[in-house]
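Derivation of every value follows stated rules applied to the coordinates shown; laboratory data play no part. Values in this document were obtained by computation on a predicted structure and should not be read as measured data. Glycine also receives a Cβ, built like all others from the backbone with ideal geometry; neighbour counts cover every protein chain displayed.
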Amino acid sequence: MYLPNEPFSVSVNPGRFVVVFDSDDADVLTTGAPDYLTRQGFSTEQYFPRLGIAVVEGEPGRMTAFQTESVDQRRSVAVVPELSYHVLDGGRRRAQPRRAAIGACPPAPAAAGASESAPAARPGVPGFAAPGADPLRPASAAAPTSFADTDELTWGLQAVRAVESGYTGAGIRVAVLDTGFDLGHPDFAGRQVTAESFVSGEDAQDGHGHGTHCIGTACGPRDPDSGRGYGVASGAEIYAGKVLGNAGSGSDATILAGIEWALQNDCQVVSMSLGADVQQVHPPYVTAGRRALEQGSLIVAAAGNNARRSGGNPGFVGTPANSPYVLAVGAVDANLGIAEFSARTLDGRGGQVDLAGPGVDVYSSWPMPERYNTISGTSMATPHVAGVAALLAEATGFRGRELWAELVQEAQRLQLPSVDVGSGLVLSPPPAQD
Amino acid sequence: MRVVEWVVSVDDAHVGRVDDVAAALEGAGLAVESVLSALGIICGRADASCADALQRIEGVASVAPGQPVRLDPPDSPVQ
């Protein structure tokens, strides 16, 4: 039993190894892996098919050969020494303090006196997946905590690691429900754009700028003809739903009509950089968010700009972002600090900030002739999250609730209160492996 | 008499019969403007005093007054 206040030590079990088969293929896990172990002369008595993990006995040299051969056969197999965990008797504490005991153990079997060719000393071998680490996200050095726009990329694209990802949102439909879109913007020439207006008496052309800016962040180019790249999901299909008029105002009827349209068009991501500074949860968005998730569509919305933090007012998440089935997005600045205006979690179900995105001094597209504009707001953070959601949807195939969970799980934790940034800074998926 | 926008959510049991619920809401005084079948939501206009009458219609989960949303002007540094 694990006793949280007890010191403990870790030791290597000589001659015993844990073999991890990194596969999602059920046939591999149920038959392929144990057959392979048997052919290699190992016992499958302690093979756990649901985990794809075996504990076997063998000499370190034999295990090294096994690892090498597995790599040569392009099998994703990792071999590490089995460890034992010992609670230290409080009255007869061993000489090693707890921290030293942990530090002294892995990597082994080198620590257990094994040869230099021990398998755990081969982490650089292609195809070797270290157990315990997600092979899709290799452990990296400390993530940078400060960014700046360069000639190539906005700070926001750098912070969410969009380009490194390699994914572009190809095959994913992103609906941005806002003030429409500048359909003649040169940065989007040749892009697949579907535009529709739900505002009476106005076409889908953006007469405000807000919509064009948000679409630019979510789905704009990473390598435009002029200026720096600014779009997260540069390969996604764009659905520009005009639900706010050129004066910037809209109603539930227009916004909900836009969500309905996004669902009818199978948009996997719906970005809504809009809201009202109202604390009370608005029932229609509870219904809409839930039914969207059931139909494989994730709605992300701006937490709100009602904080004045320097004046001691942290604000609150307004509607529709405070609905339990709508993912609420707060804003951080280029030093990954909370933005002055970014609203804090509201007490009650659904009122939390779920994630944070770049939302201060965000450069993106603007209706011609200005072409570009740099502005701030949780409205600018939201399409960063929507764009990353498209990349993750492409990379993983996840939709709806699973996509929500993946976004939250993969976010970079920040040294900030969760009431301000939820699970932290949204991050793009790591590059695909061969 | 003060006519306002109402947003009516249909319960899960009636989400496949949104048109029937909309017709019943019409009978209770709602001038239906949109029926959103994928969402199970009906928008329309009726007198501000109609909420209770609309809420009593079979298949209605919630009745909420429409809420306006307004962005800051385009030249605002924070949006």
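Between beta-carbons, use under 13 Å as the cut-off and find the net charge around A:ARG401, counting Lys and Arg +1, Asp and Glu -1.
Numbers: positive: A:ARG290, A:ARG291, A:ARG399; negative: A:GLU294, A:ASP354, A:GLU402, A:GLU406.
Net charge around A:ARG401: -1.
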For segment B:49-79 and segment A:7-33, distance of Cα centres in Å: 55 Å
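Before rounding to the nearest 500, sum -39500 (n - 2.57) across all DSSP H runs of length at least 4 in the protein assembly as shown and divide by the residue total; then give [θ] at 222 nm in deg cm²/dmol. List each step's numbers first, then the result.
On the way: 13 runs with 120 residues, N = 513.
That calculation yields -6500 deg cm²/dmol at 222 nm.
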Whole-Å semi-axes of chain A's equivalent ellipsoid (Cα gyration tensor): 48, 24, 20
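Which GluC sites (Glu not before Pro) in segment A:356-434 pass both tests, a DSSP loop state and at most 16 other beta-carbon atoms within 10 Å?
Details: sites: A:GLU370, A:GLU394, A:GLU402, A:GLU406, A:GLU410; in loops: A:GLU370.
For GluC sites (Glu not before Pro) across segment A:356-434 that sit outside H, G, I, E and B with at most 16 neighbouring Cβ atoms in 10 Å, the list reads A:GLU370.
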Can you list the residues, at least 5 places off or on another chain, whose amide H is less than 5 Å from the amide H of B:VAL60, using H built in the peptide plane? B:ASP11
If you take every residue apart from A:THR168 with its C-beta less than 14 Å away from the C-beta of A:THR168, what net charge results, scoring Lys and Arg +1 and Asp and Glu -1? 0
In whole angstrom, how long is each semi-axis of the equivalent ellipsoid of segment A:229-315, when you take the square root of 5 times every eigenvalue of its Cα gyration tensor and sort them from largest down? 24, 18, 14
Between helix A:60-72 and chain A: long-axis angle, C-alpha atoms, 0 to 90°, nearest 10: 40 degrees
Using only Cα atoms and rounding to the nearest 10 degrees, what angle (0 to 90) does helix A:378-396 make with the longest principal axis of chain A? 50 degrees
Read phi for every residue in segment A:9-25 and hand back ³J(HN,Hα) as whole Hz from Karplus 6.51 cos²θ - 1.76 cosθ + 1.60, θ = phi - 60°, with x for Gly and Pro. 10, 10, 9, 8, 8, x, x, 10, 9, 9, 10, 10, 9, 8, 8, 9, 7
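For chain B, run through the GluC sites (Glu not before Pro) and keep only the ones in DSSP coil with at most 16 other Cβ atoms within 10 Å of their Cβ.
Hits after loop and neighbour filter: B:GLU58.
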Using a 7 Å offset from the Cα along the Cα-to-Cβ direction at both B:GLU26 and A:ARG50, what is the distance between the two label points in nm, to one decimal? 5.4 nm
Where labels lie 7 Å past Cα in the beta-carbon direction, separation of B:ARG45 and A:GLU370 in nm: 3.3 nm
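Rounded to the nearest 5, what % of DSSP beta bridges with both residues in chain A are antiparallel?
For chain A, the DSSP antiparallel bridge percentage is about 45.
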Relative to the longest principal axis of chain A, what angle (0 to 90°, nearest 10) does the C-alpha long axis of helix A:400-410 take? 60 degrees
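Determine, from the Cβ-Cβ distance of A:GLU59 and A:HIS86 and an R0 of 25 Å, the FRET efficiency 1/(1 + (r/R0)^6), rounded to the nearest 0.05. Could the numbers behind the result be given before it?
Numbers: r = 24 Å, r/R0 = 0.97.
About 0.55, to the nearest 0.05.
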Take the alpha carbon atoms of segment A:239-315, find their center, do the same for segment A:364-434, and report the distance between the two centers in whole angstrom. 16 Å
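Using R₀ = 35 Å, calculate the FRET efficiency as 1/(1 + (r/R₀)^6) where r is the Cβ-Cβ separation of A:GLN73 and A:GLU294; round to 0.05.
0.20
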Computed label-point distance, nm, for sites A:GLN192 and A:VAL278 using a 7 Å Cα→Cβ extension: 3.6 nm
